[in-house]
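Scroll down for the structure; my scribbles are underneath it.
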Amino acid sequence: MDTTTIQQLLASADVGDRLQGLNQLRSLEPEVAFPLVQPLIQDANARIRYAAVSQLATLGHVNPTQTQELLRDRLLHDTETDVRAAAADAMAALQLPFALEDLETAYHSTDDWLLQFSIVAALGALANPAAVTLLKEALNSSQELVMLAAIGSLGELRQPDILDVLRPFVDYPDWQVRHRLAIALGQIGTADAKQILEQMQTDSAQAVVEAVQTSLAQLTS
């Protein structure tokens, strides 16, 4: 499909046409697609905004400064949680320079635990060690899924000095938390992390034991 036809679809009053146009943007060079996606980021339809924001995760490198402004606006001001979550994901995936500050602001300015979950989950991909402070805070969330995401992101960041805050979760009642902990410890991969994993080999949940064994095998291979 040529660029003119895609532009016509994007400008259509029909939501289905605009969605089709967004999908067709993937066939264009990023430098061509980037300016075309921008008007859709503030579309009246939430599905369109979500699809447009999501595409910035792959197109945003064309102009990181402008992309950061676009994503910050949606992260902080969009009316839909899904769109704000997509903005958080894109900012982290692109590892934008001021993404952490924006994500921290969004985390602290909302009571929407689903948005907080998305922000915390995105922090692992951000690859910024300074995110550890916010992740430590998220470990104390009253929402278990937010806590679970924090453990996962701490594992992705691979910072050995966070083991003291992860160690207490060895005895956490929910096996899913212990399972995620076992994976995170394997990602961190230090001698101290291995020692904690060895202590978890007698966990009461088989899924946790299997995750522990997998992590230990990776560390010894």
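The values are calculated or read from the model by the stated rules, or taken from the named source; none is laboratory data. The structure presented is a predicted model; accordingly, all values stated were derived computationally and were not measured. Note that we place each Cβ from the backbone using ideal geometry, even for glycine, and neighbour counts take in every protein chain shown. Accessible surface is based on the protein model in full, side chains and every heavy atom, while ligands, DNA and RNA are left aside. Shrake-Rupley method; radii C 1.70, N 1.55, O 1.52, S 1.80 Å.
Overall dimensions of region 1-99, expressed as equivalent-ellipsoid semi-axes from the Cα gyration tensor (√(5λ), whole Å, largest first), are 21, 16, 9. Per residue, the convex hull spanned by the Cα atoms of region 148-221 measures out at 71 cubic angstrom.
Please tell me the relative contact order of the chain in percent, rounded to the nearest whole number, where contacts are Cα pairs under 8 Å and at least six residues apart.
On the way: 286 pairs, mean separation 23.0, N = 221.
Relative contact order comes out at 10 percent.
Extending 7 Å from Cα along the Cβ direction at Ala130 and again at Arg47 yields two label points whose distance is 3.9 nm. For region 1-90, the Cβ-based charge dipole about the Cα centre amounts to some 140 debye (Lys, Arg positive; Asp, Glu negative; other atoms uncharged). Rounded to the nearest 10 square angstrom, Arg167 shows an accessible area of 90 square angstrom against a 1.4 Å probe.
Applying the Kirkwood pairwise sum to the alpha-carbon positions of region 68-135 produces a hydrodynamic radius of 11.4 angstrom. In the context of the full set of protein chains, residues of region 1-128 present 47 Å² of accessible surface per residue (probe radius 1.4 Å, heavy atoms only). For the set His179, His77, solvent exposure ranked by accessible area (probe 1.4 Å, protein chains only) runs largest to smallest as His77, His179.
What does the helix-only formula give at 222 nm for the chain: each DSSP H stretch with n ≥ 4 adding -39500 (n - 2.57), the total divided by the residues, and the result rounded to the nearest 500 deg cm²/dmol? Intermediate results must be reported in sequence, preceding the final value.
Numbers: 14 runs with 155 residues, N = 221.
Rounded to the nearest 500, it is -21500 deg cm²/dmol.
Centre-to-centre separation between the Cα atoms of region 30-52 and those of region 168-182: 40 Å.
Using a 1.4 Å probe over the heavy atoms of the protein chains, calculate the carbon and sulfur portion of the accessible area of region 1-139 as a whole percent. Display every interim value, and only then the final one.
Details: 3200 of 6480 Å².
After summing per-atom areas, the C and S share lands at 49 percent.
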